[in-house]
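So the structure is just underneath, and the comments pick up after that.
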Amino acid sequence: MMPDKPTTIKEMAKILKISVSTVSRALNDHSSIGLTTKMRVKKLAAELNYEPNQKAIQFLHGKSFVIGVILPELSESFFSAAISGIEDIAYKRNYTVLLAQSHDDAEREKLLVSKMKTQRVDGLLVSVSKTTSTYEHFEVFRKLNIPVVFFDRIPPIKDIHYVSSNLKTGTFEAVNFLLKKGHRSIGMVNGPATLIASHERKEGYIKAMTSNRLKFDPSLIVSCDLSEEGTIEVVNAMLNHKRKPTAIVTFNDYVALFAMRYVKSVGLTGIDFVSYANLPIINYMDHTPIASVEQFPYKQGKKAADILIDLINKPKDESGTGQAYFNIVIESELILSNRK
């Protein structure tokens, strides 16, 4: 017969006529408890549908065994892949994931950071929003000695843990690829200046041009807010540029989709596109980019979660000032399209 209220360790100890500490240790497979006793305790626990008191466990270990994740948009395949990597590691290491979306809004991100603190997460994984320009809201976690690891979209601040993709080399490969195809006027639809990723793309572009002894024209790199409307506006300006580009590198596959659809709508052909992320969406486009820079979001998510949980479990006396910061950069890879 099922008990009316949750079974306690104290009640199990009384039934088995052993101490409360023995029951607790048996349930946790402590080496000091014999196999027979462990089997007796676990058998009774199963019969009584015993559930561990999570609050008591949290109090005992000083942890909630929950990690917070704040990312821009879960609907984007890139971040869906990243959260899969995060959850795989969290599951493996017995942590629960508390997920929130900033929807690329800085104020919402600040509120979510505050709520994560209230929820007493043990650590936080963050990919910052494209509108975030100040980062004081993360300082409260530093003051509370709660680790934060950034991934993919990294804020331009010192002394942080992060995992990112090498976009400089990826962009260099992308632009070099277009140059080898004979393009000389290459445009770039870049992201907001607040993102380090935007600067890395620009640096890779400049390096590719100068390495090929070509003059860098800064007017061919334009920033946009990554929306469809913003993309159309800057692409339209490019098409009216005195050096109308014959190829365009776009911030990601979604921006490539917006740009290619607009170019087609105005009746233009012959412009080659290269994008970033190499998302499954490009396989469903009528006209795909000729190449895309793979940023390995699943791998980024796994590595970021692993680092965060390692930091959470680091002994307290090792986590003070002067600590080493994990700065992991995963090499990107230019993936050529299979289109005919």
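Ala304 falls short on exactly one of the conditions (1) touching a Phe, Trp or Tyr at 6+ places or on another chain (Cβ under 9 Å); (2) open to solvent by less than 40 Å² (accessible area, probe 1.4 Å); (3) over 22 Å from Gly68 (Cα atoms), and that condition is (3). Out of Ser185, Ser165, Ser198, Ser129, one residue alone is among the polar types (S, T, N, Q) and over 19 Å from Ala291 (Cα atoms). It is Ser129.
One residue stands out in the range 206-262 among those that are over 29 Å from the mean Cα position of the chain (by Cα) and surrounded by 18 or more Cβ atoms within 10 Å (Cβ to Cβ): the one that is farthest from Glu294 (Cα to Cα), namely Met238. Assuming Phe273 fulfils every condition listed in (1) at pLDDT 95 or above; (2) out of contact with any strand residue (DSSP E or B) (no Cβ under 7 Å at 6 or more places or on another chain) apart from one, which condition is it? Checking Phe273 against (1) at pLDDT 95 or above; (2) out of contact with any strand residue (DSSP E or B) (no Cβ under 7 Å at 6 or more places or on another chain), the one that fails is (2).
Across the range 1-50, what is the total count of residues that are among the polar types (S, T, N, Q) and either loosely packed, with under 11 Cβ neighbours inside 10 Å or more than 44 Å from the chain's Cα centre (by Cα) (or both)?
Within the range 1-50, the subset among the polar types (S, T, N, Q) is 7-8, 19, 21-22, 24, 28, 31-32, 36-37, 49.
Remaining after also requiring either loosely packed, with under 11 Cβ neighbours inside 10 Å or more than 44 Å from the chain's Cα centre (by Cα) (or both): 19, 31-32, 36-37, 49.
Qualifying residue count for the region: 6.
Among the residues here, Phe79 does not qualify as open to solvent by 80 Å² or more (accessible area, probe 1.4 Å) and either at pLDDT 95 or above or assigned to a helix (DSSP H, G or I) (or both).
Which ranges mark the strands (runs of 3 or more DSSP E) fully within the range 87-192 that have 2 or more residues being over 30 Å from Asn212 (Cα atoms) and open to solvent by less than 60 Å² (accessible area, probe 1.4 Å)?
Working: elements: 96-101, 123-126, 148-151, 161-166, 186-190.
Qualifying strands (runs of 3 or more DSSP E): 96-101, 123-126, 148-151, 161-166.
Take the residues of the range 193-205 that are open to solvent by 10 Å² or more (accessible area, probe 1.4 Å) and not hydrophobic (A, V, I, L, M, F, W, C): which is farthest from Lys242 (Cα to Cα)? Walk me through it before giving the result.
Residues of the range 193-205 that are open to solvent by 10 Å² or more (accessible area, probe 1.4 Å), as a first pass: 193-194, 196-197, 199-200, 202-203.
Next, from what is left, pick out any that are not hydrophobic (A, V, I, L, M, F, W, C): 194, 199-200, 202-203.
Working: Thr194: 28, His199: 25, Glu200: 26, Lys202: 21, Glu203: 23 Å.
Here the answer is Thr194.
Assess whether Pro156 counts as being out of contact with any Ser or Thr (no Cβ under 6 Å at 6 or more places or on another chain) and farther than 23 Å from Ile83 by Cβ. Here the answer is yes, as Pro156 does meet what is asked.
Just one of the listed residues (Gly34, Gly62, Gly68) is closer than 30 Å to Asn313 by Cα and modelled with pLDDT under 85, namely Gly62. Scanning the range 270-289 for residues that are in contact with a Leu (Cβ under 7 Å, 6 or more places away or on another chain) and in a loop (DSSP other than H, G, I, E, B) returns a single hit, Met285. Condition check: among the polar types (S, T, N, Q) and modelled with pLDDT under 95. Does Thr171 satisfy that? Considered against the rule, which asks whether it is among the polar types (S, T, N, Q) and modelled with pLDDT under 95, Thr171 comes out as no.
The values are calculated or read from the model by the stated rules, or taken from the named source; none is laboratory data. Keep in mind that what you see is a predicted model, and the values were worked out from it rather than measured. Every residue, glycine as well, gets a Cβ built from its backbone with ideal geometry; the counts of neighbours run over all protein chains shown. Side chains included, ligands, DNA and RNA excluded: accessible areas come from the protein's heavy atoms. Shrake-Rupley method; radii C 1.70, N 1.55, O 1.52, S 1.80 Å.
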